[in-house]
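The values are calculated or read from the model by the stated rules, or taken from the named source; none is laboratory data. What you are looking at is a predicted structure, and each value in this text was computed from that prediction instead of being measured. Cβ placement follows ideal geometry from the backbone for every residue including glycine, while neighbour counts extend to all protein chains displayed.
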Amino acid sequence: MSLPIPSFSLVFFVVSVALAWWIWNKFLILRPFDNVRGPGSASWLKGNRAQIWHPTGGIKFMQDITQQYGGVVRLEGVFGVQELFVSDPLALNSISVNDTSIWQLPAEVLATNVVLFGEGLPGTTGEAHRKHRKELNPVFSKAHIRELTPVFYSVGKQLCEAISAIVKAGPQEIDMLPWTARVSLELIGQGGLGYSFDKLTENKPDEYASAVKDLLPLLFQNPVARALAPFFPLPLRRLLAKITPSRSLQALVRIIHVMELSSKKVLHSKRTAMENGEEAEQIGGGKDLMSALLRAHLQHKGANPVPESHLLGHINALIFGAVDTTSSALTRMLHILAQYPDVQTQIRKESSTMCERLGTEDLPFDTLSEMPYIDAFLREILRLYAPVPVVLRCAVKDTVLPLYNPTIGKDGHEIKEIAVPAGTTVFASLLIPNISTDIWGEDAMQFKPERWLSPLPGTVANARLPGIYSHLMSFWGGGSACLFQFSQLELKIIILLVLKSFRLSLSDKVVAWRASGLQFPSLSETGSLGLPLIVEAL
């Protein structure tokens, strides 16, 4: 069946733009990184991007090119555009801390984020990004997070009660992935939005949790669409997504629809409670971030009240960050615990000792920061298995990347710094520096929580990695660093509560971890998402 004329014309236009862009970048402009070593292009259309984002081979590809070419590697992007893969500590410092005004989100990422999150934090850069971040900072302050400790315990206990009902007759195989997504959603719901999505009482996840879990894998199945997105206005982007005969794009459209409906539902609930004087009766007693932002919006306090579009964007951004990255880390922790029963025992012992000493079942905020083994376990998980292996940044003007470890160019000469022209996209690695044997020693690829219980190698401090948490890049660095204290607290509390109630072990189903922008578990036999574990009540 032939396409309607308007659709055919639109497709012809898109293909023509793509072809012209490829010819321009491949043959007509200066290629600035020809002297930087790197792999050959795997595709004239996608370059090396399909290898970077490959769900099963992406991380190995990053490891291989770093081992072969060093801390800065030349890549071919979409339509032959030259890009860089960066894992050198000094170069990462420049990108994430020293020169953040130069290194900003690429247009393709911003365009995608605007579609997904509207005018919230992920869809902005520069001054607008700083303004949004200032609006969000109160919910992630240490004082506010301390107040959330009882909320996190309450949600964690709901999770344990739901799982207990499943295993009361004996050990059961349970897919823990939906549960980690559900509990992560409920934690950010109650802690950040003052709203309950899912009481965790039924064996059925919230629609939002199910949708957001699939978001990143779908995004990275469409690198060409993402690369072309900045060239079209927002309404046209959405139209193209709807009419393009692609299953992954259509699934993405459905997810965006669910996100929009859910954020509006949250905002309507909060607004109605505030207008009816029922704010104090809401979850969180009106002390959550969304209540504060909504008050500013309704009362028009100050010269620049927070627009409603920003509120909706903040809701989506908060939920997405919690459900995806936090649930990825939590799922990995459960999987590793199932493989190491001795680690489970050690965490239980540390927890019970502290509870007996303080005469309480729920350890307070400050005590959770003083438990060395659970802290070492968390750090080692985040070191070895960064939930997000790589982030993208683009130079908005000409700059120079300094190198901690000089590399050798194709001409055989040493390169100590690399001139980077405006418009260059870099893949800044969060994972590779965390597992570098040059930095962490010969056992860098081994899971060893005890490494954190004694002084780290001097090479770790000498590398001066810009990560904000224990020399780790897992939470990025500088002003754009992930606000990690919220995640850190909820991860510790959930793990302590789960291990207090259950023993975890592996099932006979083989789990393979995939990485399409985010690391997530899947079943080797079917490829479907999931983490089946044997759960036994203690």
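Quick one: is residue 435 touching a Ser or Thr at 6+ places or on another chain (Cβ under 7 Å), touching a residue at least 12 places away in the same chain (Cβ under 8 Å) and either buried (at least 20 other Cβ atoms within 10 Å of the Cβ) or among the aliphatic types (A, V, I, L, M) (or both)?
Here the answer is no, as residue 435 does not meet what is asked.
Residues 90, 75: which one is over 22 Å from the mean Cα position of the chain (by Cα), surrounded by fewer than 22 Cβ atoms within 10 Å (Cβ to Cβ), among the aliphatic types (A, V, I, L, M) and at pLDDT 95 or above?
So the residue among 90, 75 that is over 22 Å from the mean Cα position of the chain (by Cα), surrounded by fewer than 22 Cβ atoms within 10 Å (Cβ to Cβ), among the aliphatic types (A, V, I, L, M) and at pLDDT 95 or above is 90.
State whether one or more residues within the range 345-361 are crowded, with 16+ Cβ neighbours inside 10 Å, touching an Asp or Glu at 6+ places or on another chain (Cβ under 8 Å) and without any contact (Cβ under 8 Å) to a residue 12 or more places away in the chain.
yes
What are the residue pairs meeting all of these: first residue in the range 133-157, first residue within 21 Å of residue 185 (Cβ to Cβ), second residue among the polar types (S, T, N, Q) and modelled with pLDDT of 80 or more, Cβ atoms under 8 Å, and 6 or more apart or on different chains?
Note: pairs meeting the criteria are 140/485; 145/485; 151/190; 154/190; 155/190.
Just the residues that are touching a Ser or Thr at 6+ places or on another chain (Cβ under 6 Å) and free of Cβ contacts under 8 Å to residues at least 60 places away in the same chain, please, taken from the range 495-521.
510
Please work out which one of (1) of a type outside the set (Asp, Glu); (2) touching a residue at least 40 places away in the same chain (Cβ under 8 Å); (3) under 30 Å from residue 438 (Cβ atoms); (4) not in a strand (DSSP E or B) is the condition residue 160 fails and give its number.
It is condition (3) that residue 160 fails.
Identify, from the list 367, 399, 407, the residue that is over 28 Å from the mean Cα position of the chain (by Cα) and hydroxyl-bearing (Ser, Thr, Tyr).
407
Quick check on the range 155-180: of everything there that is over 19 Å from residue 510 (Cα atoms) and of a type in the set (A, V, I, L, M), which residue is surrounded by the most Cβ atoms within 10 Å (Cβ to Cβ)?
155
Would you mind stating whether residue 377 is touching a strand residue (DSSP E or B) at 6+ places or on another chain (Cβ under 6 Å), among the aromatic types (Phe, Trp, Tyr) and surrounded by 18 or more Cβ atoms within 10 Å (Cβ to Cβ)?
Considered against the rule, which asks whether it is touching a strand residue (DSSP E or B) at 6+ places or on another chain (Cβ under 6 Å), among the aromatic types (Phe, Trp, Tyr) and surrounded by 18 or more Cβ atoms within 10 Å (Cβ to Cβ), residue 377 comes out as no.
Which residue is modelled with the lowest pLDDT, if the candidates are limited to the range 181-209 and must be buried (at least 20 other Cβ atoms within 10 Å of the Cβ) and either of a type in the set (S, T, N, Q) or assigned to a strand (DSSP E or B) (or both)?
Ranking the candidates gives 190 first.
Mind checking which pairs have a first residue in the range 56-85 that is on the phi > 0 side of the Ramachandran plot and a second that is surrounded by fewer than 24 Cβ atoms within 10 Å (Cβ to Cβ) and modelled with pLDDT of 95 or more, Cβ under 6 Å, 6 or more apart or different chains?
Every condition considered, the pairs that remain are 70/407.
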